[in-house]
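Working notes for the structure below.
The values are calculated or read from the model by the stated rules, or taken from the named source; none is laboratory data. As the structure is a computational prediction, the values presented were derived from the model and not from experiment. Here the Cβ positions follow ideal geometry from the backbone for every residue, glycine too, while neighbour counts run over all protein chains shown. Note: accessible area is taken over every heavy atom of the protein model, side chains too, but ligands, DNA and RNA are not part of it. Shrake-Rupley method; radii C 1.70, N 1.55, O 1.52, S 1.80 Å.
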Amino acid sequence: MHSPGTREGATALQAVMRLYLMAAPCSGKTMFAREHPSHRGVEILDFDFELQVGPRWHGWLRRAAGRAGIPIPPRTVLDGLDSAARLDAWYVLARRRLSEAAGPLCLLGPAGVPDPECWSGMRFALVQLPLEEHLERARLRHERWPWDRASRPTVVRKHYAWAREYAEAKAIPIYTSFLEALDAALDEASASAKRA
């Protein structure tokens with residue numbers, strides 16, 4: 001591995017300035033981004049979380065209400081849109097965030113990026129945990145947030161299968177962890193830089 005301070009490390013980072021790691025709901029995107037705000041010089045953002053723009057009191061209220069079993073959805077810049085329009089708008093904002101980043105950036109978000117081949121200079125990968133691990137994470141989330149539809153086993157299995165089909169159809173590499181996907185992208189960039 002190369003550190004960002006070395007010449008090879010800097011070249012690798014320049015080659016992987018934009019990385020989009022997609023994953024199905026309950027894969028641990030938010031938790032991973034919180035535990036790893038950066039990796040090998042690449043900033044990591046859970047973009048779903050970044051779009052939750054409500055005031056701090058709203059977040060506190062959501063947590064307190066959640067413990068009491070009262071669902072309060074997060075406030076985002078996409079509120080008011082139907083689900084299809086929300087996803088389309090999400091990708092527009094994600095693409096803008098990636099293209100405007102001053103340094104190396106990895107966004108974590110949902111699968112299904114429209115026309116990834118048209119996102120010039122950006123790398124994509126799917127992170128897909130082993131199914132049993134994924135279902136266990138979903139179960140724990142469902143215990144905490146029972147109204148969360150995305151954590152239901154049938155929904156998790158559906159998203160899991162669809163994300164794999166999508167990635168295979170688009171020739172997007174599939175990894176079993178976020179760190180594995182990040183390291184693979186950085187190592188590939190480093191190898192490309194050596195060949196150049």
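Condition check ((1) assigned to a helix (DSSP H, G or I); (2) farther than 13 Å from residue 26 by Cβ; (3) aromatic (Phe, Trp, Tyr)) across all residues:
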residue	(1), (2), (3)
120	no, yes, no
132	yes, no, no
141	yes, no, no
147	no, yes, yes
157	yes, no, no
165	yes, yes, no
168	yes, yes, no
172	no, yes, no
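Within the stretch 119-139, one or more residues are open to solvent by 90 Å² or more (accessible area, probe 1.4 Å), at pLDDT below 85 and under 23 Å from residue 19 (Cα atoms).
Scan 85, 65, 10 and give me the residue that is among the aliphatic types (A, V, I, L, M), at pLDDT below 70 and over 21 Å from the mean Cα position of the chain (by Cα). Give the steps one after another, and end with the answer.
Numbers: 85 fails: over 21 Å from the mean Cα position of the chain (by Cα); 65 fails: at pLDDT below 70.
One residue alone meets the criteria, 10.
If you check residue 153 against the conditions, is it farther than 21 Å from residue 181 by Cα, open to solvent by 20 Å² or more (accessible area, probe 1.4 Å) and free of Cβ contacts under 8 Å to residues at least 24 places away in the same chain? Yes. The residue of the stretch 174-186 that is surrounded by the most Cβ atoms within 10 Å (Cβ to Cβ), among those that are free of Cβ contacts under 8 Å to residues at least 60 places away in the same chain and part of a helix (DSSP H, G or I), is 184.
Do we find a residue being under 17 Å from residue 48 (Cβ atoms), assigned to a strand (DSSP E or B), touching a strand residue (DSSP E or B) at 6+ places or on another chain (Cβ under 7 Å) and modelled with pLDDT of 90 or more anywhere in the stretch 108-117? Within the stretch 108-117, one or more residues are under 17 Å from residue 48 (Cβ atoms), assigned to a strand (DSSP E or B), touching a strand residue (DSSP E or B) at 6+ places or on another chain (Cβ under 7 Å) and modelled with pLDDT of 90 or more.
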